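One structure is given below, encoded as structure tokens.
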Amino acid sequence: MGLILIIGFLRTGESRVLIASLAAVGLAGLVFALDALVTTSAEHGERVVSELVDAAEAGDVEGMLQRVSSEASLHLGSVTRPGRPFSAVEESFKTLSGRNRITENWVIRLRGESNDTGGALVFLSCRTSTSGSYGLVPTTWSFEVDEDEQGRWEITRIIFESLMGREPERAL
């Protein structure tokens, strides 16, 4: 918009068109600056889940555990199903450095939404090949991410929604 107004000023020479164009350019610059300064809870959630995925791909169990609250639960299929305790999360992560070591991973979707409590809900879909699988296997996940008292963003709930389009019967 500002560029169009500048072109209009160059054609007409009217000072009010120049003022309008400079105001539009300044406003656009302000919007970009504010965007760079403000991080939403959804963006924090996406970052934490992305870091979890990177650690999983590297088989870094400690790196995965650093992104998850010690109070986190693992739910199979839906958040309405009873959650498994943190020890189940830890055991699932440990398999990624052994029998389920990731050999290839394609993130199809990673999208976060801010929720009403100031946290985030992050959706992840990927196609993953492990040392124990036969090719790329599609999975979908949801993660609840919240900020703790120290200002650290961490995963508080993991929902393993589907494995090859079906509700999982057990954790990996």
GLU113 at pLDDT 95 or above and either surrounded by 14 or more Cβ atoms within 10 Å (Cβ to Cβ) or assigned by TED's automatic domain parsing to the domain that holds VAL61 (or both): yes
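Yes/no matrix, rows are residues, columns are (1) modelled with pLDDT of 95 or more; (2) under 20 Å from SER133 (Cα atoms); (3) in the same structural domain as SER131 (by TED's automatic domain parsing); (4) of a type outside the set (Gly, Ala, Ser):
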residue: VAL61; (1), (2), (3), (4): yes, yes, yes, yes
residue: SER69; (1), (2), (3), (4): yes, no, yes, no
residue: LEU76; (1), (2), (3), (4): no, yes, yes, yes
residue: PRO82; (1), (2), (3), (4): no, no, yes, yes
residue: SER92; (1), (2), (3), (4): no, yes, yes, no
residue: THR95; (1), (2), (3), (4): no, yes, yes, yes
residue: GLY98; (1), (2), (3), (4): no, yes, yes, no
residue: ILE102; (1), (2), (3), (4): yes, yes, yes, yes
Close pairs (6 angstrom Cβ cut-off, 6 or more residues apart or separate chains): farther than 14 Å from SER142 by Cα in the stretch 45-56, at pLDDT 95 or above and in a helix (DSSP H, G or I) anywhere: ALA55/GLY63; ALA55/MET64; ALA56/MET64
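Condition check ((1) touching a helix residue (DSSP H, G or I) at 6+ places or on another chain (Cβ under 8 Å); (2) under 16 Å from LEU52 (Cβ atoms); (3) exposed (fewer than 14 other Cβ atoms within 10 Å of the Cβ)) across all residues:
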residue	(1), (2), (3)
PRO82	no, no, yes
SER92	no, yes, no
LEU124	yes, yes, no
GLY132	no, no, yes
PRO138	no, no, no
PHE143	yes, yes, no
PRO168	no, no, no
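The values are calculated or read from the model by the stated rules, or taken from the named source; none is laboratory data. Everything numeric here is computed off the predicted structure, so don't read it as measured data. A quick note on method: Cβ atoms are made from the backbone with ideal geometry, for glycine too, and the neighbour counts reach across all protein chains shown.
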